[in-house]
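Colleague: Quick one: the structure is below, questions incoming.
Readers should treat all values here as calculations from the given coordinates under stated rules, not as data from a laboratory. Being a predicted model, the structure only gives us computed values, none of them experimental. Using ideal geometry, Cβ is built from the backbone for each residue, glycine included, and neighbour counts are taken over all protein chains shown.
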Amino acid sequence: MKKPNIVVIQADQMSAKALSAYGHPLVKTPNIDRLAENGTVFQNAYCNFPLCVPSRASMLAGRYANAINVWDNATEMSASIPTIAHWLRQLNYHTVMAGKMHFIGPDQLHGFNERITTDIYPSNFAWTPDWIVGERYRPTGINMRAVVDAGICTRSLQIDYDEEVEFAGIQKLYDLARYNSDNPFLLWISFTHPHSPYVTLQHHWDLYSHDEVPMPTVPEISLEDMDQMSRWLYYAHGGDLHDVTDEHIKTARHAYFGMCSYIDDKVGRILDTLEALKLDSETVVVFTSDHGEMLGERGMWFKQAFFEWSAAVPLIISMPGVQTRGEVSELVSLVDLLPTFVEIGGAGSVTAERQFWDGHSLLSIMSGRADWDNRVVSEYTGEGVNAPCRMVRRDDLKLIYTHGHPSMLFDLSSDPNEIENLIDHPDYAQDAARMHDELMENWNPEFIHQSCLDSQRQRQIIQKATDGEPSWAYCVRFDDDQRFVRNASAVGTKAKARYPFVEPTPFLERRSQ
C-alpha cells in the first residue's frame, strides 16, 4: 500500500488567536475551518522560537534552536543536521519546497529534492544582531511604521511573492499527480502572509466592517511596568519613535484580519486542487505558522515575545481515512512535526531515532491512545534582546525567564491574558522552583550568552569584509538574487514595494537612535 502524501501549508506570523478555528469571533477563514472540520485542531500549539529563521530550523530539525546553535535571523543551520526532508527521503518520499523557509548560508536545500521558488529574505549574515550595541540596533529595520502606515493596497511585495508561491505549489501538485504517482511526496508550501507590514487588498479589507474590528484585549502597558524582555523589544521595535494612535491600531488589526483571509483563499485553492486530482483521500494536510503576532496586545507588535499571541501557533492536521480526535488540548510544539511525519511515513513508533529529536510524534494523542508529557519549551536569543530568554509551559503554568532579570509566572487557567505575575506569590513558590529547574534542563544561559556574542562578532566580520557576497540567494529564475528583500531593510523594502506607494510617516524627534 502506498504511503500517504504530506502537504504542509505554512503561514508566516499568523497567531492562532486570530483564527475562527481557535475561537476568534470575527476573522473569516472558511477554508482553514474546512480543514479543521476534517482534521485535528491542536488548541495549544507553540513555536519553539518566536522568530522566523530559528523557528523554521528548529521545526525542520525536530530540535530546539539553541541545541543546534541557531541563535537568530542570520544564523545558518549546519548542513550536517538531518531535517524532515532527509528523514522522509530515507522513507522513499520525494520532497519539494515552495516559498519561504529563510535558510541562511550556502545550503539552501537542507535535504529537499527540489526547491521551486526563491526565498523572500536575505540568506547571508546581513541581519546579524549586536548585543553589544544593544536594544536599539535593528538590522532588519523593523519599526512601528508598519503599524502607522497600515491599510489597503492594490499590490505589495508580499502579494507578489505569495502569488508566485501559490502558482508554483499548485503547478507542482499537477506535476506530481502526472509523473510521481507511484511514490509518496512531501510538498511544503510556505507563504509570507500575514507578516507585517499590515496591508491588504480591498477585497479582503471589505470582508470586515472597520467599526467591528476590536481593539486589543489587554491595553498598552507602561514602560515602567513592563518586564525587561518587553522593555527591550519596545525600543528594538522603535516604540518611542512613532505616535501610534487608536486608529492606527484598529487599521493595522483590520488589515491583518484581511491578510489572514488572503491566506485562507490560498488554502482553499490548494485543497480544491487536491480534490480535483483525487489526491485528497491519500494526502495528509497540515496547516501551521512559524510563530504568531502580538497585534497590539499589551501595546506590543510583531513577534519575539513569549506571550500567547506571539508564541502560540495554529496547527491543524487532516489525515484522511484515519479516526482522530477533532480537538487536542495537550501542549504541543513545532518540533513534534518531524517525528510525526516520520511515523506517518512508515517508520513505526520511531522510538529508535528519539535520540536525535526534542519532539514527539503527535499520532498517539491524535488517536487518544497514549499519555503525553504536557510541556512545551520556547526560547529567544535573537534581535531585540540583550541576553538569552526562555519559556516553559507545563500544564496551565507558564514561566518566562530573562537571564539576569526577574522571571514571570502565569497561571493560564485563571489568567489567560497573562496579567498577574505570580512569581513572588507564596502559593506558587514550589511551582516556580520546579518549573525553573525544568527550564534549565540542558540549557546553560551563561554559555549561550557567550556563544551568541562570539557568533555575532564572527558573522559581523564576515559580512563587513565581503559586503554580503556571496548572497547565497536561491535562484530559480535568472534574477532571483535581486528580487524581493535582498540585503536591505525588510520593512523599508516591503513598504516601498506597496502600490500605491505610501510616503513614510516622519520619525518623532523625541529621541535619537
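Colleague: Taking the conditions exactly as written (β-branched (Val, Ile, Thr), part of a helix (DSSP H, G or I), crowded, with 18+ Cβ neighbours inside 10 Å and in contact with a Phe, Trp or Tyr (Cβ under 7 Å, 6 or more places away or on another chain)), does ILE263 satisfy them or not?
Modeller: yes
Colleague: Closer than 21 Å to GLY384 by Cα and within 21 Å of the chain's Cα centre (by Cα): which single residue out of SER123, SER156, SER78 fits that description?
Modeller: SER123
Colleague: Something else now. Applying the selection to region 92-111, what residues are over 26 Å from GLU163 (Cα atoms) and crowded, with 16+ Cβ neighbours inside 10 Å?
Modeller: Within region 92-111, just TYR93 meets the criteria.
Colleague: Quick one: which residue in VAL41, VAL27 is touching a helix residue (DSSP H, G or I) at 6+ places or on another chain (Cβ under 6 Å), of a type outside the set (Asp, Glu), over 20 Å from GLY326 (Cα atoms) and not in a helix (DSSP H, G or I)?
Modeller: Selected residue: VAL27, the only one of VAL41, VAL27 that is touching a helix residue (DSSP H, G or I) at 6+ places or on another chain (Cβ under 6 Å), of a type outside the set (Asp, Glu), over 20 Å from GLY326 (Cα atoms) and not in a helix (DSSP H, G or I).
Colleague: Continuing with this model, one more query. For the condition in contact with an Asp or Glu (Cβ under 6 Å, 6 or more places away or on another chain), outside any strand (DSSP E or B) and surrounded by 22 or more Cβ atoms within 10 Å (Cβ to Cβ), what is the one hit in GLY292, GLY359?
Modeller: GLY359
Colleague: Anything in region 113-129 that is surrounded by fewer than 17 Cβ atoms within 10 Å (Cβ to Cβ) and in a loop (DSSP other than H, G, I, E, B)? List them, or say none.
Modeller: Result: ASN113, single match.
Colleague: Continuing with this model, one more query. Is it true that GLY134 is exposed (fewer than 15 other Cβ atoms within 10 Å of the Cβ) and not in a helix (DSSP H, G or I)?
Modeller: Taking the combined requirement at face value, the residue satisfies it.
Colleague: Which members of region 159-199 meet the condition of being part of a loop (DSSP other than H, G, I, E, B) and under 24 Å from the mean Cα position of the chain (by Cα)?
Modeller: PHE191, THR192, HIS193, PRO194, HIS195, SER196, PRO197, TYR198
Colleague: Provide a single number: the residues in region 18-63 that are surrounded by fewer than 24 Cβ atoms within 10 Å (Cβ to Cβ) and of a type in the set (Phe, Trp, Tyr).
Modeller: Residues that pass the stated criteria total 1.
Colleague: Scanning for something surrounded by fewer than 24 Cβ atoms within 10 Å (Cβ to Cβ), of a type outside the set (Ser, Thr, Tyr), in a helix (DSSP H, G or I) and in contact with an Asp or Glu (Cβ under 8 Å, 6 or more places away or on another chain), does region 323-334 turn up at least one residue?
Modeller: No: zero hits.
Colleague: Any chance region 58-71 includes a residue that's more than 21 Å from GLY384 (Cα to Cα), of a type in the set (A, V, I, L, M, F, W, C) and not in a helix (DSSP H, G or I)?
Modeller: There is no residue in region 58-71 that is more than 21 Å from GLY384 (Cα to Cα), of a type in the set (A, V, I, L, M, F, W, C) and not in a helix (DSSP H, G or I).
Colleague: Return the pair list, or none, for Cβ contacts closer than 9 Å from residues in region 209-234 that are closer than 26 Å to MET391 by Cβ and touching a residue at least 60 places away in the same chain (Cβ under 8 Å) to residues that are of a type in the set (Ser, Thr, Tyr) and in a helix (DSSP H, G or I), at least 6 apart or on different chains.
Modeller: ILE221/SER230
Colleague: When you scan region 1-17, how many residues do you find that are among the charged types (D, E, K, R) and buried (at least 24 other Cβ atoms within 10 Å of the Cβ)?
Modeller: Of the residues in that region, 1 qualify.
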